[in-house]
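The values are calculated or read from the model by the stated rules, or taken from the named source; none is laboratory data. Quantities reported herein were computed from a predicted structural model and do not represent experimental measurements. With ideal geometry, Cβ positions are generated from the backbone for all residues, glycine too; neighbour counts draw on all protein chains shown. What goes into the accessible areas is simple: the full protein's heavy atoms, side chains included, and nothing from ligands, DNA or RNA. Shrake-Rupley method; radii C 1.70, N 1.55, O 1.52, S 1.80 Å.
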Amino acid sequence: MFKPRSSTSKELSATFDRGPAKYFHGRGDVFEKFDELTRKSEQVKGGSTFIIQGAPGVGKTALLYECEKRAEKNGWHIARIKSGALWDKEKMFRALGFWSLPQLKELSLEISLPQLVKGRVSISKPIRAETSHGSVEKRKEPLLLVLDEAQRLSKSAGLSSDRFHDACDLLESIHNGEMGKSVILLAAGLGGTRPAFRKLGISRMSKRCFVELGPLEKEAERAVIRDFIVIDGGAKGDPSEWIEAIANRTHGWPEHIVSYGEAAKDLLRKNHGKMSAEGLSVVLKYGRTGQIDYYKGRVEELRKKHRVCIANVIKDIPVGAPFDIDIIEDTLAEHFGGSEAKKLVDLINEKGVVDQRDGEHFVPIPSMHTWLVENYAIERE
């Protein structure tokens, strides 16, 4: 019986939610905005913050990599940072590449005669600026700071006042183009990303520098599916029937496109590119398995009783419709207590079980909404 082979680490790096996409199509509107920002930044020696916000599995990380390539091609230095680098000068210093050999002039060497005789050399800590802001100023060429999982900035409320001030100072200088050179912070995260930036003082965001990422458009979705079938699978003949059948299950969601695409690729390779109705049925079966595995991964930290409680709340909400998160929190509090309810709401936000947009919450993937209700909703007595 056919089973898709397990993915290697190299293949996993090509999935949409954790690395560059193996096949990338669409998102032209995003590239138009991003390219415009990089051009203007070079012209005025300034910059800003470019935020990509969206639900898990919608392709944010893959889009970051594509934006990186475009900027790097135009001579920008790329530095991938974690959220802590905004207030931790050592993390920023290393992210900017100042530990590399060309930057040895940044280090102070403490070498004594006895050490040389014994073959030991002591290198003290590098000379740093006082803050992350100062480290960013050291880079002379146009600089693109890339921050994934940016919703984690919401945890900055627990920082010391000094570190919080340092992060706010750096973000404000970048956002307002006050670094004295071309610097852009390219950030991507879940629905809590924009509110997280607000907590750090970035409240005004241009529509040209903010993207609410949704599913792929129909043409781009089918182009990606075609690449998996034709390029990877070596399909012989017209793949249109397979493409349409898969697209009817994926609804433009990149994470799901990968699930079905990998299944199609493996089966076609096994069958030397031959397409058949039976083969398509197998692909749809294993693609669906990949979808469900993805959903299970999103709720794995929730106990079954928590999933049941959440499913019973959303079962009366139309698929894709917004709702007030307080409804879920109040229901959880009723069953498990207020403190646990708060932790659970934070968890389902962090895991992307629910996402937020313009102050409203919703289950971001329609098929995941259906899966939760079908598997965990029970009738109340």
- Of all residues in the range 353-378, which are part of a loop (DSSP other than H, G, I, E, B), touching a residue at least 12 places away in the same chain (Cβ under 8 Å) and either surrounded by fewer than 20 Cβ atoms within 10 Å (Cβ to Cβ) or in contact with a Lys or Arg (Cβ under 6 Å, 6 or more places away or on another chain) (or both)? VAL353, ALA377, ILE378
- Item | Where a residue in the range 39-53 is closer than 18 Å to ARG357 by Cβ and its partner, wherever it lies, is assigned to a loop (DSSP other than H, G, I, E, B), with Cβ under 7 Å and at least six apart | ILE51/MET205; GLN53/GLY191
- Query: Which one is surrounded by the most Cβ atoms within 10 Å (Cβ to Cβ), of the residues in the range 203-214 that are assigned to a loop (DSSP other than H, G, I, E, B) and in contact (Cβ under 8 Å) with a residue 12 or more places away in the chain?
  - Reply: MET205
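Yes or no: GLY261 open to solvent by less than 10 Å² (accessible area, probe 1.4 Å) and either at pLDDT 95 or above or of a type in the set (S, T, N, Q) (or both)?
Working: open to solvent by less than 10 Å² (accessible area, probe 1.4 Å): yes; either at pLDDT 95 or above or of a type in the set (S, T, N, Q) (or both): yes.
In short, yes.
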- Could you please let me know if ASP346 is in contact with a strand residue (DSSP E or B) (Cβ under 7 Å, 6 or more places away or on another chain), within 30 Å of ILE52 (Cα to Cα) and open to solvent by less than 90 Å² (accessible area, probe 1.4 Å)? no
- Has the range 139-162 got at least one residue that is more than 23 Å from LYS199 (Cβ to Cβ), in a helix (DSSP H, G or I), at pLDDT below 90 and open to solvent by 70 Å² or more (accessible area, probe 1.4 Å)? no
- Note on the structure: Scanning the range 24-40 residue by residue, the ones that are in contact with a strand residue (DSSP E or B) (Cβ under 9 Å, 6 or more places away or on another chain), farther than 26 Å from PRO254 by Cα and either basic (Lys, Arg) or open to solvent by 100 Å² or more (accessible area, probe 1.4 Å) (or both) total 1
- Scanning the range 163-197 for residues that are among the basic types (Lys, Arg) and either open to solvent by less than 60 Å² (accessible area, probe 1.4 Å) or under 11 Å from GLY47 (Cα atoms) (or both) gives LYS181, ARG194
- Message: Of the conditions (1) touching a Lys or Arg at 6+ places or on another chain (Cβ under 7 Å); (2) surrounded by fewer than 16 Cβ atoms within 10 Å (Cβ to Cβ), GLN43 satisfies every one except a single condition; which number is it?
- Response: (1)
- Note on the structure: Selection from the range 215-238 of residues under 23 Å from the mean Cα position of the chain (by Cα) and surrounded by fewer than 17 Cβ atoms within 10 Å (Cβ to Cβ) yields GLU217, LYS218, GLU219, ALA223
- Message: Take LEU200 and tell me if it is more than 20 Å from LYS265 (Cα to Cα) and in contact with a Pro (Cβ under 9 Å, 6 or more places away or on another chain).
- Response: no
- Message: What are the pairs with Cβ atoms under 6 angstrom where one residue, in the range 215-227, is more than 10 Å from THR250 (Cα to Cα) and part of a helix (DSSP H, G or I) and the other, located anywhere, is at pLDDT below 95 and open to solvent by 20 Å² or more (accessible area, probe 1.4 Å)? Sequence gap at least six, or different chains.
- Response: VAL224/TYR23; ASP227/TYR23
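Helices (runs of 4 or more DSSP H) wholly in the range 47-138 with at least 1 residues that are loosely packed, with under 11 Cβ neighbours inside 10 Å and either modelled with pLDDT under 80 or among the hydrophobic types (A, V, I, L, M, F, W, C) (or both) - which ones?
Answer list for the range 47-138: 113-118.
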- Query: Looking at the range 163-202, which of its residues are farther than 30 Å from VAL58 by Cα and outside any helix (DSSP H, G or I)?
  - Reply: GLU178, MET179, GLY180, LYS181
- Among the residues of the range 285-331, which ones are open to solvent by 10 Å² or more (accessible area, probe 1.4 Å) and aromatic (Phe, Trp, Tyr)? TYR286, TYR294, PHE323
